[in-house]
1. Can you spot a residue in the stretch 233-244 that is of a type outside the set (A, V, I, L, M, F, W, C), loosely packed, with under 13 Cβ neighbours inside 10 Å and under 23 Å from Leu334 (Cβ atoms)?
2. Tally the residues that are touching a strand residue (DSSP E or B) at 6+ places or on another chain (Cβ under 7 Å) and either on the phi > 0 side of the Ramachandran plot or in contact (Cβ under 8 Å) with a residue 60 or more places away in the chain (or both), restricting the search to the stretch 769-819.
3. Picking from Gly354, Gly380, Gly336, Gly360, which residue would you name as being of a type in the set (Gly, Ala, Ser), closer than 28 Å to Ala98 by Cβ and touching a Phe, Trp or Tyr at 6+ places or on another chain (Cβ under 7 Å)?
4. Give me a count of the residues in the stretch 749-768 that are assigned to a strand (DSSP E or B) and either surrounded by fewer than 18 Cβ atoms within 10 Å (Cβ to Cβ) or among the β-branched types (Val, Ile, Thr) (or both).
5. Residues that are farther than 21 Å from Leu746 by Cα, aliphatic (A, V, I, L, M) and over 27 Å from the mean Cα position of the chain (by Cα): which helices (runs of 4 or more DSSP H) entirely in the stretch 78-171 hold 3 or more of them?
6. Determine whether the stretch 634-641 contains at least one residue that is in contact with a helix residue (DSSP H, G or I) (Cβ under 6 Å, 6 or more places away or on another chain) and open to solvent by 10 Å² or more (accessible area, probe 1.4 Å).
7. Which ones in the stretch 577-605 are touching a Lys or Arg at 6+ places or on another chain (Cβ under 8 Å) and farther than 14 Å from Ile486 by Cβ?
8. Which residues, counting only those in the stretch 664-678, are over 21 Å from the mean Cα position of the chain (by Cα) and open to solvent by 10 Å² or more (accessible area, probe 1.4 Å)?
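The values are calculated or read from the model by the stated rules, or taken from the named source; none is laboratory data. Model, not experiment: these values are computed from the prediction. With ideal geometry, Cβ positions are generated from the backbone for all residues, glycine too; neighbour counts draw on all protein chains shown. Quick note on the areas: whole protein, heavy atoms, side chains included, nothing else; ligands and nucleic acids left out. Shrake-Rupley method; radii C 1.70, N 1.55, O 1.52, S 1.80 Å.
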Amino acid sequence: MPDTLPRHAQTVIIGGGSIGVNTAYHLTKLGHRDVVVLEQGQLTSGTTWHAAGLIVAGLLKSEAECAIYTHGRDLYAGLEAETGLPTGFRDVGYLQIATNAERVHEMRRVAPFMRRFGINCHEISPREAQQMFPVGDLSNVEGAFYIPEDGRANPVDVTMSLAKGARMGGARIHEGVRVTEIIVKNGTATGVRTADGQQITAENVVICGGMWSRQLGERHGVNLPLQAAEHYYLITETIPGLPRDLPVLEDPSTYTYYREEVGGLMLGLFEPGAAAWKPEGIPDNFQFGEIEPDWDRVGPDLEKAYSRVPDAMSYGVRKLFCGPESFTPDLAPLVGPTPELRNLWVACGMNSLGILNGAGTGMVLAHWIVDGVAPIDVTGINVNRFSRSEATPAFRRDRTPELLGKLFGQHFHNESPKTARGVKRSVLYDRLKAAGAWFGEGNGWEQPDWFAPTPAEARIDRLSWFRQNWFDWHAEEHRAAREDVIVMDMTSMASFLVQGRDACALLSRLSCNEIDVAVGRVVYTAWVNEKGGFEADLTVTRLGQDRFMVVVGENSAGHTEMRMRRHIGPDEFVTVTDVTAGRAQINVHGPKARRLMSRISDADLSDAGFPFMTARQIDVGYADVLAYRVTFVGELGWELHVPATQAVQVYDLIVAAGADLGLRNAGMQTLNSLRLEKAYRDFGIDVDNTDNPIEAGLGFAVKLDKPGGFIGRDALAEIKARGVPGTRMLQFLLRDPQPLLHGNELIYLDGRQVGYLQVGGYGHTLGAATGIGFVTHDAPLTAQVVEAGKWQIEIAGDLVAADASLKPMYDPGMAKIRC
C-alpha cells in the first residue's frame, strides 16, 4: 500500500477498468479535478484486459443508446491525439447479416433511426457483404447492413490512454489498493476504507468495480443485481491472406462475432445456455484470470460458429479463451445515484460492452455528478429500476444463462425473458391463467399481455414484427373496452402511502400540479427536475389532511420512491410506505362499466355522486374497496384498490356480474392500444428526463402560479414564456390500415425528417396503427402547421402517409369519460 493516498478527495472511484477510468477522465473534463481512482489490482486486470475491443453499434433502439455509443466511438478515434498514447482504434467497418426475412425487416426498421443519430448504418447486398468478408460463407444470407466508421480498438491501450488523460486533468490513480468498506454516516457515503485500514473521505463515492460491484454494494445494503458469466472466444492459427482490416462480422443466427486477430480469426460466442460463474462471489484476488474452458458444453456452439467460416476449420486453434463478464437481468447497465445511500454512485453491469459503452457511460455519470441531472434519457439504465428479488442467488443463477444469447440473437418487440419468471405475481394470476392469459414480464411482474379463447390456445405460434396469432384476440379486447366493458388486472402498478405532518408540503414541492386539494380528489401531475425534465408522471390522491396515495407505473416505482425520500427535508416528518404488495388493482372500464359496478356495489356511482378524478371507499360485495374514478384507456370506469385477501372474491363478482354485458378480460397489449388512441403519455416509455411537460402537451397539469412553487418551476416558466414551442408531441395515425408501428419510426413533414415515434400500437377503433412522438420544427408548431402539413412515417424504408394531431384523435372532448 503506497503511503501517498490522500486523506480527502472530491470523488473517489472504486475500480480501474474501462468504466472507472472513463468516469475519472470525464469528470476532469468538467473541471472536477480532485478525483482519486483506487484499483485493487492493476488497471484493466478485472475483465477489461480480455475484452474483444469491438467498437460496433449493433442495433440501437433508443436515442440514449445512440448517444452513449457515438460518444465513445468518436472519443476513441481521436484520443491518441490528446494523450499521445495509442488506442489501437481502427475503423475496419462492421457488417451485420440476416438469414431470414424477420431479421432483415428488423434491421430495416432500425437503420433509419440509427442514421438519424449519426450512425451510418445502411443496407448492402449479400453479394457485397460476401466480397467484404471473403473468409466466410454467406450463401444463406438474405440481407446485410454495413457501418464503415465502426471497428475495433485495443482494450488495454484504450484504458491506459484514458488513464493518462485523466491524470493530465488532475486525477490520481492508485493500483494495488482494495476498498473493503464504504464509510457511511447518517445514510450518506462519506468516504472509503482500504484493506490496510487507511481512509479517504469524499463528497462522492463511485462504484465502478465491474463484477465485484454487487458484493461491495451488498455489504452496505446497496442493491446491484449483476452476475458474472463465462464468456468464450476462439482464436485460430494464422490464416494466410486474411486481411488485417477485415470488417467485424456479427451473425445472430450463429450467436457469434468474427474479426481478425494477429493473422488468425477470432470467433466470439454469445451462446444461449451460457453458464453463470461464481454466483456465491468473485474472489478478490482474481486478476488477469482465466476460467478453464468447458469444451463439452461449448462444443456445439463452436460447431455452429464455424459453420459461417467453414474454411477456418482447416487451421488449428491457437486459443480457446474463457473469462468472466458481468450481466444484468435486462441487459442494460446499472448507472446513477443509489437509492440506499446518498452521495454513492455506480456505473457497472456493462453486459460485455464495457469498452464499447464505457466512454459514453462515463460521460453520462460525470455530468450527472457535476450537474445534478443526467444529459440523456437514463430511465432504462438507472440503478434504481430493480427490486432486491433480481439480486438473489437463485434469480442470478436462473436468469444469467439466457442473457448472452438474448444480447446477441434476433430480437422482437414483444419478447419476454424465458427464465427466472414468476418473481412477482398478482393474487389473480391463477384466475387469469385459467381465463386464457398469456403472460409477459414487466419489471419482475407477471403481466397478462393478451387473452386467448381458452388456456390451451394461450401461446405464441411465432414471434414476428408483423401480425402474430394473438392479434385478433387483442382486437376483440380493444373493441370490448370501447363498446362494452373490460376488466384488467393492474396490480403491478406501484402504490405509496405518504403520511405525516409535512406530507402535503413534500408532495407539493415535487408536483407541477396543485395537490393541496380537497380530501377525495385525484390529481394527475408530472414531477420534474431543476431543468424541467420529467422525473415521473403519476397520480396523487388526498385521502386525509396529512395522508396521500401516490400511484405510478411499475417501471418507475423505485425511482419514484427514491425521489420522495430524497426530498424530505431534515426538519420534516413524512413516512413513505410501499403498499403495493398488500393490495390488488382491478380496473373496470367501458361504456357499460357503471351498469356492471352498480350490480356489485350499493355506492352512488352516478356522475354527480362519484365525479371524474375523485376517489372514495365503496363496498364491493363483502370488500371495502378504495375506488378511483380515473382512466388510462379513455373510457368511463374505475380503478379498484382491493385488499389482497379479497381480490379474488372481487374479481369473481365482476366476472359474474358482467357475463351478459360483453365483459372481457384485457391485457397489456390492449392497455397500450387504448391509451395510444387517446394519446396518453407514459413516463419511461414515451417521455423521459430529457423531455418537459410543456412540449409534451401536458401544460394543463402545470400550475406555475401555485403557492410555494415546485422543483423545476422556473425552468418550465421560461419554456412557456417562449410561446408556442417548435418541439411538440403529436399523435399520428397511418392512412394505410396494414402496417404496424412499434416505436422509433421516423416522422417526415413535407418531405423533411422532423422526429421519430416514441411508441406505437394499433388503433382498432381508429382503424390503423397509431403512435405518438416529438416533432421539431424550425418555427412554432401551431395547429395550422400540423393540419396543413404532409405527414409521413418511415417503416422499414417505406414512407407511409399519416395524419397528425395535437389533440387526441379518439374522443378529444372527453365526453365518454365524463358521462
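1. no
2. Looking only at that region, the number is 16.
3. Numbers: Gly354 fails: touching a Phe, Trp or Tyr at 6+ places or on another chain (Cβ under 7 Å); Gly380 fails: touching a Phe, Trp or Tyr at 6+ places or on another chain (Cβ under 7 Å); Gly336 fails: closer than 28 Å to Ala98 by Cβ.
Selected residue: Gly360, the only one of Gly354, Gly380, Gly336, Gly360 that is of a type in the set (Gly, Ala, Ser), closer than 28 Å to Ala98 by Cβ and touching a Phe, Trp or Tyr at 6+ places or on another chain (Cβ under 7 Å).
4. We begin by selecting, within the stretch 749-768, every residue assigned to a strand (DSSP E or B); these are 749, 752-763, 768.
This time we only want the ones that are either surrounded by fewer than 18 Cβ atoms within 10 Å (Cβ to Cβ) or among the β-branched types (Val, Ile, Thr) (or both), so: 752-754, 759.
Of the residues in the stretch 749-768, 4 are assigned to a strand (DSSP E or B) and either surrounded by fewer than 18 Cβ atoms within 10 Å (Cβ to Cβ) or among the β-branched types (Val, Ile, Thr) (or both).
5. Working: elements: 101-116, 126-132, 155-168.
The qualifying helices (runs of 4 or more DSSP H) are 155-168.
6. Checked against the condition, which is being in contact with a helix residue (DSSP H, G or I) (Cβ under 6 Å, 6 or more places away or on another chain) and open to solvent by 10 Å² or more (accessible area, probe 1.4 Å), the stretch 634-641 yields no hits at all.
7. Here is the first cut: in the stretch 577-605, the residues touching a Lys or Arg at 6+ places or on another chain (Cβ under 8 Å) are 590-591, 603, 605.
Result: Ala603, Leu605.
8. Arg664, Asn665
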